[in-house]
Structures are given as C-alpha cells and as structure tokens.
Amino acid sequence: MTHDHDLVLRPTPAQITAALNPPPGRNGGDLVVETLAGLGATTVFGLPGQHALGMFDALRRSSLRYVGLRVENNAGFAADAYGRVTGEAAPLLLSTGPGALMSLAALQEAAAASAPVLAIGSQIPVAGLGGARKGYLHELPDQPASFRDVVKSVHTVRSQSQIPSAIAAAWKSALTAPHGPVWVEIPQDVLLAETSLPVVTAPDATPDDLPPRPELTALAAHLLSHAERPAIIAGGGVVRSDASGKLRLLAERLNAPVVTTFGGKGAFPWNHPLSLQSWLEDRHTTDFLEEADVLLVIGSGLGELSSNYHTFRPRGRVIQIEADLGKLESNHPAVGIHADARLALQALLETVEDRPDESARERARELLTKVAARIDGQALTLERQILSSVRQALPADSPSFWDMTILAYWAWSAFDAQGPNLMHSAQGAGGLGYGFPAALGAAAADPTRPVLAVSGDGGALYSIAELATAKQYDLPVTWLIIDDGGYGILREYMTDAFGQPTATELHRPDYVALAESFGVTGLHTTPETLQDDLTRALNTPGPSVVVLPAVLRMFAPTHLG
C-alpha cells in the first residue's frame, strides 16, 4: 500500500543539473534569503549588525525588498503590523546580543496579539555556542533563553545544511494557529562561509490546521440554539483567522448580541442592530454579559481588559473557542474548544438551528443607550470631539495604529474601526512606542492607501528616529501626536492613587520642527481644526506629522467600586 505521505516528487533533469552546478559567490546568507523567497516572502524588515552581515550582503543578490528601521524594537513593531495586515509571516533580520535583545518588547506584543513575525538573528561563531564563553563581541551564555519565554518556538542552526529546514519550520510555526512570533538564530561563521549547496527553491511549510472536536461543537450548537439570552464576545482570534463574515452569519442566525474586545475591533459591524460595540470597560456591558444564559467567547482569553479588569462573573454557561491552549479556560470554566476561530465558526454554522428572538435587538439598543448616558454625564466633550474628528478624517478602508495613550484608550471602547483588521494597538503587551513604526510596516505592505498612527508625546519619543525611515521610503503615514507634556495616563493614575504625580512630566520638544528636520511635513493643529488638518495630511502623498497640544481625560472606570 502506498500512502500520500510516502510519495516523493522526482527531480527533473534541469533541477538535477542546477543542483549539481550552483552559482558561485554564495554564502550562508544566500541560503537564508533563498529560503525566505521560496516560502513566499517579498519584504523583510530589520537592522544590520556585525555578526549578521552575511545575511544583509545576500539581500542585494535576492529579489526581497528590504525596509530598514533605526531601532530593532521599531523594526519588530513594523514586522508585527505587516504580519497583521497581510496574514503572512513577516521576516525580521537582526544581529546578535544587543541587537537581538532590543527586539524583545516588540516580539512580546506580537505574541500577545498573535502577529506572525519570523525573527532571524545572528549568533556568535559556532565555537562559542553552549556557554563556552569565548569572549566574542555580543556574546551571551544562552541567547535562545532570552526568547523562549516570548516567542512560539526557537530554532538554532549549527550548519548551513540546517538553514532551509530551520527557517521553514519556523515559518510553519508562525502561521499555525494561533499565529505568533518565532526566533531563528544562525552563527556568524555559518552565514559568512561560502556554500556549495544547491539554490533553495520551494520548502514545504504549510501551516497545520486546528479544527474543533465535533462532539464539542455539537454540544455548543445545541446550547446556543436553545438559549434564552445568548451573547457573543468576539476577540482578536476572529480577526486573525479572517472569520468576521462567519461571525456575523452566526450572530444573525442565533439573534445573539455581539461585543468585540479591543483586540477584536472590527470583527463585527459597529452599527449592526445586534452590535454591543466594544464598551467592555463599562459596568452596563459587564452586567449584560453576566446575564447571558449561554455566552460564546471566540478568540479571546477573557483577560484583564476583556473582563473589565477581572470583575466579570458569568452566571450562565460559557463556551470558549480559543486557538491558544494556554488561554483556554484560564479565567472561567467553559466548554473549551481548542480550535481556530474560522474552522470552529464554520462547524457551528453547519450545526446550529435558527433561533428567533424579537427582543435581542431591542436589548442591544437599550444597553448602548445606558452606556451613552453614562458617558454623557461626565463632561468629556473635548475627548469625544477629537475622536470624532479622527474618525471623520480617516478614510474608511485605511488602517490605524495606536500607541498606549489616552486617545487610544478611548478608541478601544468608542472608535468605529469600520471593518476587520483596520484598527490595531499595543493593547496585547502594553508597551510604548508601537503606533508609528507599526504604521510604517502597514504602509510598506500596502502603499496605495494612507495609514494613520496615533501617539502621545511620551510614546512618540520612543520612535522619533523612524521619521528618517518614513522619509527614506516615502511611506504614506500620517502621525498624529497628542502632546500633553508627559505620560498622561500615568499622570492620571498617580494623581488618583497618591494625590500627585511623580516622574510623569516631560520636556516638550517642537515636534513640528523635528519632523521638518527630517524632511517630513509637520503642522500644529487645534481641536477645532483637527479634522480638516488631518484630512489634508492623509490625502497628501508621503509622510506627515500633525501635532495636537491637548490634555485629555479618561471616562470614569466602573471596576473600582
């Protein structure tokens, strides 16, 4: 008997000739870029370094487009965004030691948001591996240990013949649900040595499917079909698996109201009659979800932000569909279904019964009315005006990338993303500096539409050097900087907790002058002129900076009392 997996494709005579006569002048770095091209990569991000020069030299002999940033962490954020908007693994080329370690915060965000980033770093020469302490520049006793707690998988290469297989295995890992970052490291001497190995063509790195168990989806379908008050929480897993259409079909068949998490923005239409939008930091929403007799959670671990800071206490039956096994039932007992959101939703659509419910849409309307009344009573006109101006200025199909800043915290709850995979933030890991370099990565993926980045002045200083990148590649990114002279949200937190802030105030550079020094157009705006100024900037080719001096406040929390 012959099995499919026993079949091996025989090489053609031309392939045999090519394998026996590889082109001269190639090194280990060529094996890296050939493998990436064979896997389907077209764009790589990164920063060169002494140990990684073999890879970067090989780039000029390849068809790959290189986008170089000025700080490794920012290069990681750019690759993260590229992976999110394309669904492809985004190669990130780095050097050893400090260069590698500088990427860790970005890789943590990619892991938290399930963004497929293929980080390939160099290593000290083979003789120093295993903690031999040879005293090489950039040497670490165990460099992979720094990455194991952050990425999905770690792959260390020790010879040139291992390069294609290691990169292919990492590529497959990055794109198998849940998506995420992976780490490959290759010693300097392996990258630099001349190679006589054949040119790498098309490695097999097809991601594994993660289907649901049928008995579990059968149970889930039965519970949902016969529920009296079903509700749905849709998380980032719905967006990552491109399952928004299936989510809408399921919600309509069940007449189940849907709230999206901050990572799941756009997974369900904002103005749909069953939409609860994304007001998760609101007690009215928390109460509504607690009252559901069957709650379907798709692609969310119900972590701190998604559970109104762990004040959410479901009283009904919970069904949780989650590709990340570590998040499955980690916060609440549930019918746990370890599966890709798209495959699980398809299984439910094939099994659930139509569930008539004339009250569902009215209950959704009533909830949003309560939420609006709560916000209306807090005199937050400026904040709502600014957020509305941003929404009006941003084209409906343009992506936006938000740093950890007060306006972003507003956007998590109150901003209509107008579609899946269009609004992104660093809410997964919560580090500063994400917005602008991530927007550059998205613009590199699709330069035909403008991209918006939103930062506070504190976060902006993390990535100000990337204005040089924006200019060098002429990327269509408009950067809105809300300048309040400090770390605004920390100022609020410390004032509330201790009566006064400490270490939150910052010297205020002239961001417009800074932008112009890089050759990037900059302008100051006001809340009254923001919409027009932002519209013009977004409609003007190339990068631009719009600076809005403003001190914003957050709406009152509902989880403290």
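Okay, here's what the table says:
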{"item": "Percent carbon-and-sulfur accessible area, segment 401-479, ignoring ligands, DNA and RNA, probe 1.4 Å", "result": "49 percent"}
{"item": "Portion, in percent, of the accessible area of segment 56-162 that falls on carbon or sulfur, probe 1.4 Å", "result": "49 percent"}
{"item": "Gain on full stretching of the segment that runs from ARG148 to HIS222 - 0.36 nm per residue minus C-alpha separation", "result": "22.6 nm"}
{"item": "Estimated FRET transfer efficiency when R0 is 35 angstrom, pair LEU523-HIS272 (beta carbons, to 0.05)", "result": "0.45"}
{"item": "GLU228, GLU505, ranked by accessible area, largest first (probe 1.4 Å)", "result": "GLU228, GLU505"}
{"item": "Helix-only mean residue ellipticity at 222 nm for the chain, each DSSP H run of n ≥ 4 adding -39500 (n - 2.57), per residue, nearest 500", "result": "-11000 deg cm²/dmol"}
{"item": "Cβ-derived FRET efficiency at R0 51 Å, ASP376 paired with THR351, nearest 0.05", "result": "0.75"}
{"item": "Computed over the chain: relative contact order in percent, which uses C-alpha pairs under 8 Å that are six or more apart", "result": "13 percent"}
{"item": "Cβ-Cβ FRET estimate between SER161 and ASP209, R0 fixed at 22 Å, reported to 0.05", "result": "0.15"}
{"item": "Share of carbon and sulfur in the accessible heavy-atom surface of segment 482-561 [1.4 Å probe, %]", "result": "57 percent"}
{"item": "Segment 338-491: relative contact order as a whole-number percent, Cα under 8 Å and 6+ apart", "result": "20 percent"}
{"item": "Accessible-area order (highest first, 1.4 angstrom probe) of the listed residues TRP402, TRP270", "result": "TRP270, TRP402"}
{"item": "Per residue solvent-accessible surface (Å²) - the chain, probe of 1.4 Å", "result": "40 Å²"}
{"item": "Tensor-based shape of segment 404-450 (alpha-carbon gyration tensor, a/c under 1.5 rounded, otherwise prolate or oblate)", "result": "oblate"}
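The values are calculated or read from the model by the stated rules, or taken from the named source; none is laboratory data. Remember, it's a predicted structure, so these values are computed and weren't measured experimentally. Note that we place each Cβ from the backbone using ideal geometry, even for glycine, and neighbour counts take in every protein chain shown. Please note that ligands, DNA and RNA were not included when accessible areas were found on the heavy atoms of the full protein model with its side chains. Shrake-Rupley method; radii C 1.70, N 1.55, O 1.52, S 1.80 Å.
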